[in-house]
Structures are given as structure tokens and as C-alpha cells.
Amino acid sequence: MRIYYLSLSHLLLLLFVGGCVKATHVLDCGSVSPSTVVMIEDCDEPPCIISRPDNKDVNITFVAANDATDFETNIKATIGGVEFPWPGPGGCTLLVGDTICPLVSGVSYEYRAAMPVLSEYPTVEAVVRWELMDNLGNLQVCFLLPVIIT
Ligand SMILES: *[C@@H]1O[C@H](CO)[C@@H](O)[C@H](O)[C@H]1NC(C)=O
């Protein structure tokens, strides 16, 4: 009789494929982080359909590609081909779990932000560009997320 051993990484892969971890399928736009997982509340497959008003969790797990003391969130929304800046919710203060700044190369960080969709927003289709840029100007994380605001 053979005994098969499951390594931790196999187990994580099984959990992931099995759907216990619901990552959102976002389009990467040049993350330098070697590993990022984005989880948007109630949206596994973009476009995310959001009914105003609402507030969606944006959870990101990423591995820092380099040391950095600080980072910030930059958000841009492209609507009808025109890019609009969106207020960013901050950076280091959004790290959760036991992860804190500074960023250390190779270490995994957990980030949690909210994406407020206010009732005064128009009903539009937009592509949201979400960047975590460190103080050295490196895009640790960058992804594009099509949304439909209804
Ligand atoms: C985001 O992370 C928080 C814990 O930090 C968790 O309570 C919440 O369910 C997560 N949301 C999603 C969409 O994964």
C-alpha cells in the first residue's frame, strides 16, 4: 500500500481550485509583486455589477518585490475612454492581519480596502485601475477591474 503525502502547497492549490478561496479574475497591469491575489466582494468574474449605494471589500494579498518604507493606493476610473482620478484610500494603514509597513522583499502582506460606490455616482460602465505604488515608484500591485454601476 502506498501512502501519498500532500505538501502544504498542494493543499493550498487544492483549496484554491476547489473554490474555497474565491479570487477575482482581474487583469494584471504590471505588478512587480511575484504573487498577488485579489478578492472583490461578490465578484469572482468581472465585470463587477454594483448597485448604488454600496461598499465592496477589496482584499489583496501580495508579496513585496522589494524593500520599501511606504506605499499608497492610486485609483483611476476610465469612463468612455476618459480617465478620471478617484480618491485613494491610503496605504500602510490598510494592512491587516499581522502585516505592517515597512515592506520587506519576499514577505507576504494582507491589504483590505473598501470601494465606496455612492448614490450620487452615475450609472456607468467603467474600468477601474487599482495601483499599490511604493515610495520608490514601483507598482507592487496593479490590476484592472471592469465594473458596471447600476
Ligand atoms: C476581506 O478581509 C476581511 C478580513 O480582513 C474579511 O472579513 C472579508 O470577508 C474579506 N472580504 C473578501 C471579499 O474576501
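No lab work stands behind these numbers, since they all come straight from the coordinates. Note that the structure is a prediction, hence the values are computed from the model and not measured. All Cβ positions, even for glycine, are placed from backbone atoms using ideal geometry, and neighbour counts span all protein chains on display.
Structural remarks
- Dipole magnitude (debye, nearest 20) for the chain, charges at Cβ of Lys, Arg, Asp, Glu: 340
- Crossing angle, helix 8-17 versus the chain [Cα axis fit, 0-90 degrees, rounded to tens]: 40
- Beta bridge orientation in region 23-149: antiparallel %, DSSP, nearest 5: 95
- Ranked by the mean number of other Cβ atoms within 10 Å per residue, highest first, peptides 32-44, 88-100 order as 32-44, 88-100.
- Of the peptides 103-111, 130-138, the ranking by mean beta-carbon count within 10 Å, highest at the top, reads 130-138, 103-111.
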